[in-house]
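Okay, structure first, notes after.
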Amino acid sequence: LTCTTLLCFIDVKEIVRIFQAPAEGIKFLQFSPGEYFFASVKIAFFGGILISSPVVIYQILLYTLPGLTKKERDVILPMTIGSGVLFSGGLWFSYAFLVPAALKFFIAYGSDVVEPFWSFDQYFNFVAVLIFSTGLAFQVPVIQIVIGLLGIISGKMMLSSWKYVIVISTILGAIITPSTDPITQILLSGALLALYLSGAG
């Protein structure tokens, strides 16, 4: 984690450009001394966590797998890989769809009243929370598989509860997204519902 964070900090300007890409045309300001520096440290740490997490998970698996039975390994290994793929998919979905939709809504909402000059630190916090929380939300199918394997709820029961799932996914979409715009919440709620149905099937 320390090495990846340092590497990210060395090339932090390129990472900053990636974060800024969805906010094309927006001017970012520094409202306090050192704001950009401390934001850069947070970005490097955030990037370090994302880059080092596969290595950390791999090391944990190397330590735990020898002590498990073949049946347990056959379950845990695919679930771990699937969880990583889903988390990465959540990050991509958020960056490609949720973040641009949220920013477009906020920019258009007050475009005739205020000029969009944003604090870079607050912008990064907004994007990081949205991206990371979406990645975690995409773990729904993994949770469903665990519940199914434990025999708590069957796939048939999950599918029969679709009406409640729509309400819950809407509420979760509103809670997870740091913005209050309806477009972002609808996109995330739809994705959560699709993930739930795929996991139940």
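The values are calculated or read from the model by the stated rules, or taken from the named source; none is laboratory data. Since this is a predicted model, take the numbers as computed values, not measurements. Don't worry about glycine lacking a Cβ; one is built from the backbone with ideal geometry, like all the others, and counts go over all protein chains shown. Just the protein is used for accessible areas: all its heavy atoms, side chains included, with ligands, DNA and RNA removed. Shrake-Rupley method; radii C 1.70, N 1.55, O 1.52, S 1.80 Å.
Percent of accessible area on the chain owned by carbon and sulfur, 1.4 Å probe? Each step should come with its number before you reach the end.
Working: 8910 of 12260 Å².
Carbon and sulfur together cover 73 percent of it.
Give the calculated FRET efficiency between Gln122 and Val75 to the nearest 0.05, with a Förster radius of 45 Å applied to their Cβ-Cβ distance. Calculated value: 0.60. When each of the peptides 24-37, 47-60, 131-144 is scored by the mean number of other C-beta atoms lying within 10 Å of its residues, the order from highest to lowest reads 131-144, 47-60, 24-37. Each residue, Val56 and Ile107, gets one label point 7 Å from its Cα in the Cβ direction; the gap between the two is 3.4 nm. Averaging 1/r over each pair of different alpha-carbon atoms in the chain and inverting the result gives 19.0 Å, the Kirkwood hydrodynamic radius. Evaluating 6.51 cos²θ - 1.76 cosθ + 1.60 at θ = phi - 60° for every residue in segment 116-121, the Karplus couplings come out as x, 10, 10, 6, 5, 4 Hz, glycine and proline recorded as x.
Farthest towards the positive end of the charge dipole of the chain, among the residues Ile147, Leu98, Phe38, is the Cα of Ile147, using unit charges on the Cβ of Lys, Arg, Asp and Glu. Candidate cross-link partners of Lys70 among the lysines, defined by an alpha-carbon separation under 29 Å and a same-chain spacing of 8 or more, comprise Lys156.
Taking all protein chains as shown and a probe of 1.4 angstrom, Asp74 keeps an accessible surface of around 90 Å².
Label sites at Phe45 and Ser160, each approximated as a point 7 angstrom past Cα along Cα to Cβ, lie 4.8 nm apart. From the alpha carbon centroid of segment 181-197 to that of segment 44-101 is 22 Å. Axis of helix 140-149 versus longest Cα principal axis of the chain: the two differ by about 20°, to the nearest ten degrees. Under 5 Å between amide hydrogens, built in the peptide plane, is the criterion, and for Ser119 it picks out Leu29 among residues at least 5 positions away or on other chains.
Given R₀ = 30 Å, FRET efficiency for Leu65-Phe9 by Cβ-Cβ distance, to 0.05? The partial results should precede the final answer.
Working: r = 33 Å, r/R0 = 1.11.
My answer for the efficiency is 0.35.
The lysines whose alpha-carbon is closer than 23 Å to the alpha-carbon of Lys42, local same-chain residues fewer than 8 away aside, are Lys13, Lys27.
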